[in-house]
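Enquirer: The following block contains the structure, expressed as structure tokens.
The values are calculated or read from the model by the stated rules, or taken from the named source; none is laboratory data. Every value quoted in this text rests on a predicted model; they were computed, and no experiment measured them. Because the Cβ atoms are built from the backbone with ideal geometry, glycine has one as well, and the counts that use them run over all protein chains shown.
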Amino acid sequence: MARPLKEGLDYFPLNTDFEDDDKVAIIEAEYGNTGYALIVRLLCRIYRNGYYYQWSEKEQILFKKRINVDINEVNVIINDCCKWGFFDKGMFEKFSILTSYGIQKRFIEATHRRTEVKINKKYSLFNLQELRKYKNVLLVNDNDETVEDFGRNTPLKKPESEKPDPQEYSNQKSLDKKQENFLGDKEDVTYKDVVHFWEQNGFGGMTPYASQQLEQWMDDFGQGEAVILKALQIAVENNVRKLRYVIGTLRTWSNAKCRDYQAILAFQKEQETRGASNKNGGKNKKVDWDKLDKEISEDEPPFFEGV
């Protein structure tokens, strides 16, 4: 089973020059440390929730209880935050939510490895052209139904009464096969591609542990998603669809000082050339499963042993 979709963030970036931003500085100048602390607390609430925070009567009562500050003073500071552009004034007045273009952009960029990131269309401060570059973003309505996926997840459909064009059918079939197998070298890869390949090529469901392991290895390489996908391809080609085999491949590349996707392609080509030259003079080296199991046993919980 794939990992559950997460709504908010566990942490968010706060630049060291945050307090020098004019929109922050003016609130701090007017309200002192109370204003500054309130902004940081509200940002924590927003990013924990996702990309906005509903500021209804319920949230105001709970917020007042936690920070022990007069709610009228809090609302005065929030109104000034909207006035000076720290929060979007239109969104606050229309929907009673605290958000901004910058908040939404940082949230989307922080979640680029998630399979899907849903943004309510009526709360979005992006234009459609901007959102097209974020390959995992879906615009949804209040019922959580997708209203815009930018063509990435929408299959081509024909009315039942209309027969498909043979050439178009052939082209779509080739595209579907390419998307399913990813057997070519592909640099423009997202985490969604990795999960799709994993689940469609016999590795089983993407467990939280497997996801955590793969994400950690992604951070060790440039173009990390493409590197992981390449390791999965090699596992499929060798008919060993196991997490430990994939980790063994990644560790080999790391030990060989391959730091990015292009270096890995060069390394693999060199290995294939060397293997071809030795084909008649020796036997293929077998994977030492006992040794590989021992190397990763400290990281992998026993109940995932069969992954």
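Enquirer: Could you please let me know if Ile67 is aliphatic (A, V, I, L, M), modelled with pLDDT under 95, surrounded by fewer than 16 Cβ atoms within 10 Å (Cβ to Cβ) and over 29 Å from the mean Cα position of the chain (by Cα)?
Expert: yes
Enquirer: Follow-up question, since we're still on this one. Please specify each residue of the range 253-262 satisfying the condition of being in a helix (DSSP H, G or I), over 9 Å from Ala231 (Cβ atoms) and under 24 Å from the mean Cα position of the chain (by Cα).
Expert: Taking the range 253-262 as the starting set, the residues that turn out to be in a helix (DSSP H, G or I) are 253-255, 261-262.
Now drop any that are not over 9 Å from Ala231 (Cβ atoms), which leaves 254-255, 261-262.
Scanning the range 253-262 gives Ser254, Tyr261, Gln262.
Enquirer: So, one more: So Arg106 fits all but one of (1) surrounded by 14 or more Cβ atoms within 10 Å (Cβ to Cβ); (2) without any contact (Cβ under 8 Å) to a residue 24 or more places away in the chain; what number is the exception?
Expert: Going through the list (1) surrounded by 14 or more Cβ atoms within 10 Å (Cβ to Cβ); (2) without any contact (Cβ under 8 Å) to a residue 24 or more places away in the chain, Arg106 breaks only (2).
Enquirer: Could you please find all residues in the range 89-145 being within 24 Å of Phe63 (Cα to Cα) and under 17 Å from the mean Cα position of the chain (by Cα)?
Expert: Ile103, Gln104, Arg106, Phe107
Enquirer: For Gly50, are the conditions met, namely being farther than 17 Å from Ile97 by Cβ and small (Gly, Ala, Ser)?
Expert: Values: farther than 17 Å from Ile97 by Cβ: no; small (Gly, Ala, Ser): yes.
The answer is no for Gly50.
Enquirer: Out of all the residues in the range 54-76, which are among the aliphatic types (A, V, I, L, M) and in contact with a helix residue (DSSP H, G or I) (Cβ under 8 Å, 6 or more places away or on another chain)?
Expert: Ile61, Ile67, Val69, Ile71, Val74
Enquirer: Does Leu250 count as within 19 Å of Arg114 (Cβ to Cβ), touching a helix residue (DSSP H, G or I) at 6+ places or on another chain (Cβ under 6 Å) and in a helix (DSSP H, G or I)?
Expert: It is false that Leu250 is within 19 Å of Arg114 (Cβ to Cβ), touching a helix residue (DSSP H, G or I) at 6+ places or on another chain (Cβ under 6 Å) and in a helix (DSSP H, G or I).
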